[in-house]
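Bear in mind these aren't lab numbers, they're just calculated from the coordinates by the rules spelled out. Being a predicted model, the structure only gives us computed values, none of them experimental. Neighbour counts run over all protein chains shown; Cβ positions are idealised from the backbone, glycine included.
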Amino acid sequence: MTNLLILQGLNGLQFGVLLFLVAAGLTLIFGVMDVINLAHGAQYMVGAYLAAAFTGLAGNFLLGLVLAVPVALAFGLVLEWLVIRRLYDRSHLDQVLVTFGLMLMLNEGVRILWGSAPISVDLPEALSGSIPVWGTLRYPVYRLAILGAGLGVALGLWWMIHRTRLGMLLRAGASNRAMVSALGTDINRLFLLVFGAGAMLAGFAGAMMVPVISAEPDMGDTVLILTFVVIVIGGIGSIRGAFVAALLVGLVDTLGRSFGPILLRSLMEPDMASQTGRTLAPMLIYILMAAILAVRPAGLFPVQR
Amino acid sequence: MKRITRISALTAGLVLTALPALAEGVKVGVMMTLSGSAAVLGEQGRDGFLLALEEMGGKLGGLESEVIVVDDELKPDVAVNRARELVESHKVDVVVGAMYSNVQMAITGPLTEAGVFVLSPNPGPSALAGAGCNPNFFAVSYQNDQPDEVVGAYVSGKAARTFLIAPNYQAGKDHLTGFKRTYTGEVADELYVPLDQMDYSAELAQIAAAAPDAVYAFMPGGLGVNFVRQYRQAGLETIPFYSTFTVDEVTLPAQKKDAVGFHSGGDWAPDLDTERNRAFVAAFEAKYDRVPASYAAHAYDAAYLLDSAIRAVGGNLADKDALRAALKAADFDSVRGEFSFGANHFPLQDFYVTRVAERADGKFQTQIVEKVLEKPVDAYAAECPMK
Amino acid sequence: MTPALSVRGLTKSFDALKVSDGISFDVAWGELHAIIGPNGAGKTTLIHQLSGSLAPDAGRILLGGHDITRLSMAARARRGLARSFQITSILAGLTALENVALAVQARSGSSFRFLRQVARESALNDQAAEALAAAGLAGAEDRSAGTLSHGEKRQLEIAIALAMQPKVLLLDEPLAGTGHRESAALLDLIAGLKGRLSIVLIEHDMEAVFALADRISVLVYGRLIATGTPDAIRADAQVRAAYLGDEEGA
Amino acid sequence: MRLSDRAMLVTFAVLLPMPALFSAMGEPFLTVVLTRALIFAIAALSLDLILGFGAMVSFGHAAYLGIGAYAAGILAANGVTGLEVQLPVALAAAGAFALVTGAISLRTRGVHFIMITLAFGQMAYFLMSSLSAYGGDDGMALAGRSTLFGADPFGSSLRFFYVTLALLAGIWALLRAVTRSRFGRVLTGTRENETRMQAIGFSPFGYRLTAYAISGMIASVAGVLLANHAAFVSPSYMGWARSGEMIAMVVLGGMGTLTGPVLGAIAFILSEEALARLTTHWRLPFGAAVVLAVLFTRGGLLGALRGRR
C-alpha cells in the first residue's frame, strides 16, 4: 500500500506539473490580457504534433522537442497577431466564441494535415525504461524527466515574475491594467509576448507528452477543461495559485482514481464500491472546484483588483 | 462500358463508380465514423468496401450500384438522423455499418423497421445476437464477446492471475465479461478507465503493485496506442500482455515496436493463409499503402456477400424474404475461408490468437499464433427466436 | 425625536490604514447635512459604509432608529435609504422612464410577477413620470438612458432616488463632472428637495456646500473633527488649520 | 411592433409551409432536419433568457438538454411514455438541478461564473456517462416514442414538425411575456447595472436564480423533444462543446432579443448539416465562419437585419 501511495503520488505530481505548464499561460492570458482563450488546449495539441513532425524529420526526439518549442512560440505570436488582438476590447462572450471557433479550426486542421490516426514518437534511449524508486517498485525515467522539466519551468517562471522588470509588469498588469500603460510600456507588445509565451508553454507541455500519449486530434480538449479547473481553483491571474491548484488537481485526480475504490470497498459491497468509484472518480475534481468556489468565489489565491 | 463517375453528395473527394439513381440499381448506404479521432476504424471499413466494389466494376450482383458514404461522427443521435436520411431521402436498400456498438444499437432499429438490410462490418452487440436478434440484421464480423472468449480460453492455461482493464462504457464491460466467460484463472483486479483518458500512469502503477501473471486489456483505438506505449515505458513488458482490439493494424502504425510480441485475438489476420485473403491484402496495400485491419476485411466481405445475395435473387430487391434467405446462405468466397451464418445471423467461423510482429518491409501486423476455437456458436444465439 | 440617520463610532481599516476612525454624527429629519474633507479623508469609504456596499469593522448605523448596520445594500434601500453615485450609475440600456419605474416597482409589490406587461402598469409609470418631472426631466421619458447628457444622467439619478420615496438620501458628489450650467440646475434641484427629506451630501464644491447645508461635518484622515452650522464651521479654528487653511493657502 | 417581433412573425410564416414545400421538392427529409433546428431554437431561446437578458454566460446549458432527454429516456425505459408524466418530471429535475447548481454558481461573477457552470455541466455529463443501467457512455435507444394522453404527437415527421413549431411559438410567446414583465425588467436591470439595482432595493440573487431555473426548465423541454427526434439518448447531448454551440447560436443570432436565438439556431444547424454533406472536414469552414461572424458583425443576424434598415 505504501509503495503504491508513493508511486501514485509521483504520478499525481507529474500530472500536476504538466497541468501547470498549460495553466500558467492560460492564467496569465486571463489575468493580464483579460482574454478567455478556449484555443489554449489546441496549442497544447499543436505542440504535440510539432514535436512528432520534427522528430520524424530529425530522427531524434530531443532535437524534435527543441525545434518544436520555438515554432510553437511563433505559432502563438501569429495567432495573436491575426486574431487575438482583435478581441481585447470585446466582451468575454465574443472571446469565448472566437476562440471556440479557432479551436474547431485547429482540431480539424491537424486532422487534415496529419490524419485522424494517433502519431507517436519513440523515446530517446537514455530516457526510456524505468528505474527502481522504492523497494521493488519502478518508475519510468521519462516521467521523472517530465516532472523535473516542469518543476524547472515553474522555478524559472517564479524567478522571472518576482525578480525581473517583465515580471513586475505582469504582476502589475494582472491587478491594474492602467498602471502598465502608465509605466510607459507598450501594452500591445506586452500582450503579444504574454500570448506567445503562453502558447509556447502549452506547446512545450504537449511536445513533452508526445512520447507518452501520442499526438491525436482533439487531445487538447480534455486538457483545456482541466486547465480551466486549475486556474479557477487557483485564482485567475495568479501563477502561484495555478501552481498550487495544478498539483492539487493532479494529486486529487490520480489518488482519487486509484484509492477511491479501495476506500469505498471498506464502506460498501465490492460491486457497489467499484461502480460508485467509477462514477465519482471523474467527477472528483469538479466537485473539488465547486466546493472551493462555494467557499472562496475568487479561488484560493485571488488577485486583488 | 463507359461509366459515369459521380461524387457522393456526402463525401467530397471520395470518388465512387456508380450511376445516378437507377430504378433497377441497388442503393447502398455506407455508414462509418469518419471524423474525430475514432475515424481510423471507419476509414478502414469504408476503404475495404470500396475496394471490393471497384474490383466488381461498381456492380453488385449484376446491378448498377449507388453508394452513399455517410459519417456518423460517433454520435448515436447524429447517426440516427443520417440513417433516416439514407432511408427517406436516398431510399437505400442496404446499409453497411456501423463501426462502433453504440452507433450500431442506435441505427439498427430504425433502419430494419424501414425494411432496410443492415450488414455490420464490426460491431456484433449481444443485444442483437440473443433475444433481440433481427431478421434484417447480419453481423459479417463476430459476436462482440467472441474474440475475448478466444483469448480467455488461451490465457487460461498460461496465467493463474490476470489483471483486467477496459474503458468505462458498455462495450468495455461486455468485452471483459467475454474474457471472464472462458478464463478459468483468478482475476487479480478489474479496472475501468474513462473513455477520454490518455495517461494511464495511475492504472499502470496499480498493475505493477498487483504483480499479476498476465494483463488482459480491451483498450480500442487511440486508448490502446497510449496504453501499450506507457505499458512498455513503465517497464511492465515482463508481464505478458493479452488483448482484443488494442493492438491491431489500426493502432500498430503508432505503436510500432512497443507492441511487438503482444497478443490479440480475432477471426482474421493479414497473414491468414487463404488465397482470397492473400489477394485482398495485396490489393488493399497496393491501393491504400497501409496494412488492412479486420474492419477492412469484414467490409470487403460484406460487399461480396451482398453481391452474392443480389445475384441469387436475380436482382429482384423487392422480394425481401428471398434476399434475406440469400444473405443468410452466405454463398460467397470469404477472405476468412469457411464462413456461414448461424440462426441469429451471426457468423460461424474459426478464431485465432495472434501476436504482433514486424514485417520485412518495416510495417507491423498481427500474425496468427494458433487456431483456438473452431466455429464456436456465440453465447447468446440460443436466446434468439429466429430459426 | 429619533434622528433620521445616526452614525455611532463607525470604524473601518484597510490593513494598517484607518480610513474611518470612530465617526459619529446625526442627521435630523429634513436636514441637509454635508460632509466635507480633503481628498483621501475617507468620504467615499464613509458613504460606502452608509449605503451598505462596505461593511464597517465596528460601529452602528441607525436609520430612523432601526439598526441597519448588518443589512445589505438592497435591504437598506427598501427601508428608505437612497443614494446617488459619484460616477454616474444608471441602467444605460433602458429608457429614462424605465429606470425610474424600476425604483417605484422596488417599493410597490412583488417583482416575482412573470406574465403581465410591466410597461402597462400605469401606477408605476405615473409615479415614475412624476419623479422625472420633479428632477427636471419631463419629456425625456422615452429616451434611452445611455443617450442622455452627463447633466441629465445626474438628474436621472436624483429622479431614481426620489422615486424610491426615501427617508434619507445620500448624494455622493452630485456635481462631479458637470458643467457650469448643468451644476446650477442641479443645485436648484437639490435646494428644492431641502426640507422635504433628509439628505447627506458629499461634495467638493465648497461654495455650493456652504450655500445649501443646514449643518456640515468635516472629515480629516478618517475622523470627524467638527460638526456645526456653516457659520460655525467657517469660524472653527481647528477646521481652518486642518482643511480650509490648507486649501486657502494652496 | 418591434423589429424583433415582426422578424419572428415572418419567420413563423416562412416555416409554416416548409414541409409541404420540401415534399413538393421531393426532399421530405429536410423536414426532419428543420425539426432538429427548431428543437435547438427552443434550447437557444432558453439560454438567451439568462445570457441575453440576465448577462449570465452559462457554459453548461447542454446539461439541461441532457436532463430533459434522460427524463424521457429513463421513463420510457421503465414503460412510462406519456408526456403528461415525462414533461413534469423533466421540468422538475431540470429546475432542481438549476436551483442547486445556480445557488452555488451565482455566488461568482464573470469568468468564474462561466467556468463553474462549465464544471457543473461536466459533472452532469460524467454522471450520465456512468449510469450503466441506462446505457452509460453509449447512451440508449429510446424505448418508445413519447405519447400525450394516448395520442402520438411524434408519429410522423410532419406531425413532429408542427408540434415542435407550436411549442417553439408557445415558448417564444411565454418568454416574450416574461421578459416584459416586472420580473423581466428587474432581470434586464441586473444585466445593465447590478449595483444600481441593489441601490434601489433589489437583491439580484433571487431574480437571477429564478431566471436560471426557468431557463434550465425550458431547455429540458427541448431535451425531451431531442430524445424523441433522435430516438436516442446519449451523454454526448451534455458535452461542453454542445454548450459552446448553444452560446454560438444565441450570440450569432443576436442575444437579448427573442428572435435572434431562433434565427441563430436555425442558421447554425442548417449550415452544420449542409457543410457536413460537403466534406467530413466541415469543422474547419464552420469554425472559420464562427470566428469571422463574431469578429466582423455585431449584434448577430438580427443586428445585421437592423443595420440594413
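Here are some notes:
- Cross-link partners for B:Lys257 among the aspartates and glutamates, with Cα-Cα distance under 17 Å and sequence neighbours closer than 8 places in the same chain left out: A:Asp122, A:Glu125, B:Glu237, B:Asp248, B:Glu249, B:Glu358, B:Asp361.
- Under-5 Å amide H pairs with B:Val70, H placed in peptide plane, nonlocal only: B:Val30, B:Met31, B:Met32
- Charges were assigned to the Cβ only: +1 to each Lys and Arg, -1 to each Asp and Glu. The resulting dipole of chain B about its Cα centre is roughly 380 debye.
- Global form of segment D:180-309, assessed from the alpha-carbon gyration tensor, a/c cut-off 1.5: oblate
- When the helices of chain B are scored as -39500 (n - 2.57) per DSSP H run of n ≥ 4 and the total is divided over every residue, the value at 222 nm lands at -11000 deg cm²/dmol.
- In the elastic network of chain A, a GNM with C-alpha springs shorter than 10 Å, the most mobile of A:Gly135, A:Gly109, A:Gly198 is A:Gly135.
- Taking 23 Å as the limit for the C-alpha separation, the pairs C:Lys167/C:Lys194; B:Lys173/B:Lys371; B:Lys59/B:Lys91; B:Lys91/B:Lys320 exceed it in the case of B:Lys173/B:Lys371.
- Most mobile listed residue (A:Leu113, A:Leu65, A:Leu87) in chain A, GNM with C-alpha springs under 10 Å: A:Leu113
- For chain C, the alpha carbon convex hull comes to 137 Å³ per residue, rounded to a whole number.
- Cβ-Cβ FRET estimate between B:Ser340 and D:Leu21, R0 fixed at 45 Å, reported to 0.05: 0.35
- For segment C:89-165, a crude dipole built from +1 on the beta carbon of Lys and Arg and -1 on the beta carbon of Asp and Glu, taken about the Cα centre, is about 220 debye to the nearest 20.
- Helix-only [θ]222 nm of chain C, DSSP H runs n ≥ 4, -39500 (n - 2.57) each, per residue, nearest 500: -10000 deg cm²/dmol
- Gyration tensor verdict on segment A:4-73 (Cα atoms; rounded if a/c is under 1.5, prolate if a/b is larger than b/c, oblate otherwise): oblate
- Rounded to the nearest 500, the helix-only mean residue ellipticity at 222 nm of chain A stands at -26500 deg cm²/dmol, with each DSSP H run of n ≥ 4 adding -39,500 (n - 2.57).
- Base-10 log of normalised Debye intensity for chain B (one unit scatterer per alpha-carbon) at q = 0.09 Å⁻¹: -0.49
- Scoring B:24-30, B:323-329, B:215-221 by mean Cβ neighbours within 10 Å over their residues and listing the highest first yields B:215-221, B:24-30, B:323-329.
- Qualifying aspartates and glutamates (Cα of each under 12 Å from Cα of C:Lys18; at least 8 residues distant if same chain): C:Asp57
- Over the protein assembly as shown, the hull volume per residue, using the convex hull of the C-alpha atoms, is 191 Å³.
- Choice from D:Ala267, D:Ala231, D:Ala151 with maximal GNM fluctuation in chain D (Cα, 10 Å cutoff): D:Ala151
- With Cα atoms as the point set, the radius of gyration and Dmax of segment C:89-165 evaluate to 11.6, 36 Å.
- Residues C:Trp29, B:Trp268, D:Trp282 arranged by fewest to most Cβ contacts within 10 Å: C:Trp29, D:Trp282, B:Trp268
- Members of B:Lys328/B:Lys363; B:Lys180/B:Lys287; B:Lys75/B:Lys387; C:Lys43/C:Lys153 lying beyond 31 Å, as alpha-carbon distances in this model show: B:Lys328/B:Lys363; B:Lys180/B:Lys287; B:Lys75/B:Lys387
- Computed on segment D:3-308, with alpha-carbon pairs under 8 angstrom and 6+ residues apart, the relative contact order is 33 percent.
- By the count of neighbouring beta-carbon atoms within 10 Å, fewest first, B:Arg181, D:Arg191, C:Arg78 end up ordered B:Arg181, C:Arg78, D:Arg191.
- Gyration tensor verdict on segment C:1-61 (Cα atoms; rounded if a/c is under 1.5, prolate if a/b is larger than b/c, oblate otherwise): prolate
- Hydrodynamic radius (Kirkwood) for segment D:3-308, which is based on Cα pairs only, to one decimal in Å: 19.6 Å
- Segment C:89-165 - percent relative contact order, Cα under 8 Å, separation 6 or more: 50 percent
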